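Only the coordinates and a few stated rules stand behind these numbers; no lab work does. Here the structure is a predicted model, which is why all the values come from computation and not from measurement.
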């Protein structure tokens, strides 16, 4: 069954502050001349880490669009999943009218602890009939490490350390990123910091 993942709302913050980047890179903490550059480099590094691990560093809203309901469960291809039940919303095209219809939460449950997370049918429930066409079922969900770190874990240290090192590398060696010279930065032992956090066998 065809599945398409779309990012609806990106992070509103970055996992590493510009001040922390400057301390790591031994740059002047007083000058703000290159703050915009550092922020842009971090966003690029963060996106790379998220695409590789399939773990949003900060909360993001996604839509998983499918041609129909699968078996007894739907695997959500990003983690960690928000622990707020209302952050997972399922809609489908009604079998008769083809109108978009919200699926009652009495039909399904959400396993927020599983990695990858899963939406599953509750006992005695079945997925509803839907209109037969592409993109008939949509699951909207929020995934990512929370902004309020006082009550929940921050992004793993391995990921934030990788971001700091990658930003430092891109800042120091800017030539590979200049137009007409898009040389790929080689994989090194630093990239191995992300390996433990990659979600396995997740599609898309």
Computed helical MRE - 222 nm, the chain, DSSP H runs ≥ 4 contributing -39500 (n - 2.57), nearest 500: -7000 deg cm²/dmol
- prompt: Relative contact order of the chain: what whole-number percent is it, with Cα pairs under 8 angstrom and at least 6 residues apart?
  reply: 28
message: Which residue fluctuates most in the GNM of the chain (Cα springs below 10 Å): 94, 123, 111?
response: 123
query: Considering the values (i) 0.99; (ii) 1.06; (iii) 0.95, which represents Rg/Rh (Cα atoms, Kirkwood Rh) as calculated for the structure under consideration?
result: (ii)
query: Using a Gaussian network model of the chain with C-alpha springs under 10 Å, which one of 105, 138, 33 is most mobile by mean-square fluctuation?
result: 33
- prompt: Using the alpha-carbon atoms, what tilt in degrees (0 to 90, nearest 10) does helix 157-172 show relative to the longest principal axis of the chain?
  reply: 50
task: Express in nm, to one decimal, how much length is gained between residue 37 and residue 174 on full extension, taking 0.36 nm for each residue of separation and deducting their alpha carbon distance.
output: 48.2 nm
